[in-house]
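Okay, so here's the structure we're looking at.
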Amino acid sequence: MPALAELEHPVLAWENGAPQSSAFDDVYFSRQNGRAETGHVFIDANRLPERFAAWREPRPFVIGETGFGTGLNMLCAWACFIHHAPPDVRLHLISTEKYPLERHALARALSIWPDLAAEAETLCRQWPEAVSGVHRLQLGDRVILDLHFGDTAERLALLDGRVDAWFLDGFAPAQNPAMWQPALFAAMAARSRPGATFATFTCAGVVKRGLKAAGFHWEKVPGFGRKREMLAGHIDTPPVDNRRQAAPWFMPPAARPAHSAVVIGAGIAGASVAAALARRGVHVTVVEKTAPAAGGSGNRQGALYVKLAADTNHQSRFYLAGLMYSRRWLGTLDPEYRLWQPGGVLQLALNDREAARQRRFSDHHPLPRQLVSRQAQPRLSEEAGMNVAAQQGLFYPGAGWVRPAALCHRLLDHAGITLTYGEACRVERHEDGWQVGLSDGSVLEADQVVVASAHLANRFAPTRALPLQPVRGQISEIPLPAGVSGPSRVVCAGGYAPPALDGVLTVGASFVPNDAGTELRADDHRHNLGELKRMLPELYQQLEAAGADLRPEHASGRAAVRAASPDKTPYAGPVPNADAWADDYAALRKDATRTFTTPGRHHDGLWISAAHGSRGLSSAPLCAEVIASRICDEPLPVEGPLADHLHPGRRLIRALKQG
Ligand code: SAM
């Protein structure tokens, strides 16, 4: 996959309020008639008004665009959809962009169109940092926009999803020959639904030849304004997607209509997947043994943070995408900051090894400062609002902390979600769906089941083969004496300490693998207080001086059990049929390089979101979107290789390969 890096912003010249690219010497849109041009070239030539009006599918109508620019085309498509489509269908927009505008430039460009002001504001509010990757924005209840930042051909090759109508935009082929390459047309064809249409403003020979070679039929149609002609067309039979040839086991099961779902577990993983499904019109029943957020999601404050590997790997890509997604998602869910505070996270390097690791991380990840930057003293202590013990650290300005229990309750508060108390002890496939048996003898039925019960997620027969480890974690709560305040941002090293909430400082969490005990232990308090002293020695001294009771035997707090996978990446996706995999791919035991054509067999309609460890606030919401998107036959919010990285069957293949 391409490097995880900050992308260049374009240099713009403004003419009559409309932006023009200095590098490509071309306009984003014409000020006089940009709207009319978009309407003619992209909307009408793809016959969108009539196709939207006739759309009845449970899956969303998908538009793919090359070159998001100012977003004018996409905002117009959104407005057209709202105007023409029935009220219960959905729209999914995908657009690539290699040189994202800065937020203020985006707002300025779109301010030309007063009647799109509301749409423009929604877009600008969620506008992501210029980092390569997929950024999912929820534009409205029925409309999703996935921005695929990076080079168009590269991004479309990584896209896991298929398109109904293409807006083939981008600066003119003469100005931007690097984009209009055979790889672009081939990727478009491979990501098309049968019968997908396209439209483009240009009639250049390279475009006609490229489209034809990729399997598109085109015709010349009248162009807009002074342009005599443009191209429109379609593809009848897109080529077979052979991307998973090397790993056919990750091939997703065929989508089936999803009307109802049972979600097992009402922590952050279960609640976020329930909300994601309910928003898509699925009737969801959530089964919870104790109470929402009773397990690992139930602390007063949870850190919204990530710890990224020094060298870029899929895990880092996923967690960074997860952190960025969670921030956008929380910002939309709770713009008043009642459920979360994006006040920043400081990750301290308390020893030379960690300092070297952070240095390597920064060298290998040229990311925007708004996302993460390396900081040294005295800035570190200034940011923390008190002296911190480290000389160096990483600063994530937009990360922060969340009230996980309040968040879970908010997510479950949806007309499409029913919360049922009970202990799920059996999950079985029946002819026309799934049954979830509860310990009181009652049975719930649905066509989809999502298991999101942390370390208990592999207690059911179909999930038993997925390795999961319980990890006990205890936090300590220290009432702050008068005159002592906590850090002004989340400070973390081994554990974490967020800003005090209602006069109480939380410190945690201990980390005890293979221990599912939830009683409070003095040893864990001792560990947490030791961490506090190591990270924030000045605060610790102040607490002692003010007479705070810091005896571990007297401390209060909360212990819970989280779940981890052996590779510390969550499981998010369809549950593999482990017996079938063991048969189908048995030859891997003898030859790990053996290739196969048999697609992975799955327990059709059974899904899992688990193994979020102590970073569930960054991972679970994006995993929820991955699962809901798969269930509802939509493009995924992560690149294909990252979806494979999250696949619950990955450890089965690894075990087979290792004999
Ligand atoms: N659709 C846009 C709108 O509605 O405002 C206008 C698109 S503008 C004419 C062309 C866009 O393509 C620019 O934003 C440019 O940065 C982008 N672009 C150019 N080459 C690209 C490439 N290779 N990959 C992705 N985007 C590219």
(message) Quick test for you: out of G225, G215, pick the one residue that is touching a helix residue (DSSP H, G or I) at 6+ places or on another chain (Cβ under 9 Å), in contact (Cβ under 8 Å) with a residue 60 or more places away in the chain, of a type outside the set (V, I, T) and open to solvent by 30 Å² or more (accessible area, probe 1.4 Å).
(response) G225
(message) Tell me whether segment 187-204 contains one or more residues that are in the same structural domain as R59 (by TED's automatic domain parsing), under 30 Å from R59 (Cα atoms), in a helix (DSSP H, G or I) and within 14 Å of the ligand (Cβ to nearest atom).
(response) yes
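Can you confirm whether segment 46-62 contains a residue that is away from the ligand (no atom under 14 Å from the Cβ) and touching a Leu at 6+ places or on another chain (Cβ under 6 Å)?
yes
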(message) Taking the conditions exactly as written (at pLDDT 95 or above and open to solvent by 60 Å² or more (accessible area, probe 1.4 Å)), does E8 satisfy them or not?
(response) yes
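May I ask you to list the residues in segment 431-446 that are part of a strand (DSSP E or B) and either open to solvent by 70 Å² or more (accessible area, probe 1.4 Å) or among the basic types (K, R) (or both)? Please lay out each step first, then the result.
Restricting attention to segment 431-446, the residues satisfying the condition of being part of a strand (DSSP E or B) are 433-438, 443-446.
Within segment 431-446, just E445 meets the criteria.
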(message) Quick check on V163: is it at pLDDT below 95, closer than 30 Å to L646 by Cα and not assigned by TED's automatic domain parsing to the domain that holds V436?
(response) no
(request) Tell me the strands (runs of 3 or more DSSP E) entirely within segment 531-640 that contain at least 2 residues that are under 30 Å from V504 (Cα atoms). (result) 556-564
(request) Scan segment 369-389 and report the pairs whose first residue is basic (K, R) and whose second residue is open to solvent by less than 10 Å² (accessible area, probe 1.4 Å), with Cβ atoms within less than 7 Å and a gap of 6+ or a chain change. (result) R374/Q358; R374/L394
(message) For segment 448-462, check the following and say yes or no: at least one residue is farther than 19 Å from G267 by Cβ and surrounded by 15 or more Cβ atoms within 10 Å (Cβ to Cβ).
(response) yes
(message) Considering only segment 101-122, I want to know if a residue exists there that is within 12 Å of the ligand (Cβ to nearest atom), buried (at least 23 other Cβ atoms within 10 Å of the Cβ), at pLDDT 95 or above and under 21 Å from the mean Cα position of the chain (by Cα).
(response) no
(message) Within segment 483-505, does at least one residue satisfy the condition of being among the aromatic types (F, W, Y) and open to solvent by 30 Å² or more (accessible area, probe 1.4 Å)?
(response) no
(request) List the number of the failed condition for H83; all other conditions in (1) more than 30 Å from S22 (Cα to Cα); (2) buried (at least 21 other Cβ atoms within 10 Å of the Cβ) hold. (result) (2)
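Quick one: would you say G150 is within 14 Å of the ligand (Cβ to nearest atom) and either in the same structural domain as Q20 (by TED's automatic domain parsing) or within 27 Å of A85 (Cβ to Cβ) (or both)? Talk me through it step by step, then tell me what you get.
On the way: within 14 Å of the ligand (Cβ to nearest atom): yes; either in the same structural domain as Q20 (by TED's automatic domain parsing) or within 27 Å of A85 (Cβ to Cβ) (or both): yes.
Against the criterion (within 14 Å of the ligand (Cβ to nearest atom) and either in the same structural domain as Q20 (by TED's automatic domain parsing) or within 27 Å of A85 (Cβ to Cβ) (or both)), G150 qualifies.
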(request) Working only within segment 251-297, note down all residues that are part of a loop (DSSP other than H, G, I, E, B) and of a type in the set (A, V, I, L, M, F, W, C). (result) M251, A254, A255, A258, A266, V282, A291, A293, A294
(request) Report whether or not H92 is over 16 Å from G34 (Cβ atoms), open to solvent by less than 10 Å² (accessible area, probe 1.4 Å) and either touching a strand residue (DSSP E or B) at 6+ places or on another chain (Cβ under 6 Å) or more than 11 Å from the ligand (Cβ to nearest atom) (or both). (result) yes
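The values are calculated or read from the model by the stated rules, or taken from the named source; none is laboratory data. None of the values given here were measured: they were computed from a predicted structure. Cβ coordinates were reconstructed from backbone atoms using ideal geometry, including for glycine residues, and neighbour counts include every protein chain displayed. Just so you know, the surface numbers come from the protein's heavy atoms only, side chains and all, with ligands and any DNA or RNA stripped out. Shrake-Rupley method; radii C 1.70, N 1.55, O 1.52, S 1.80 Å.
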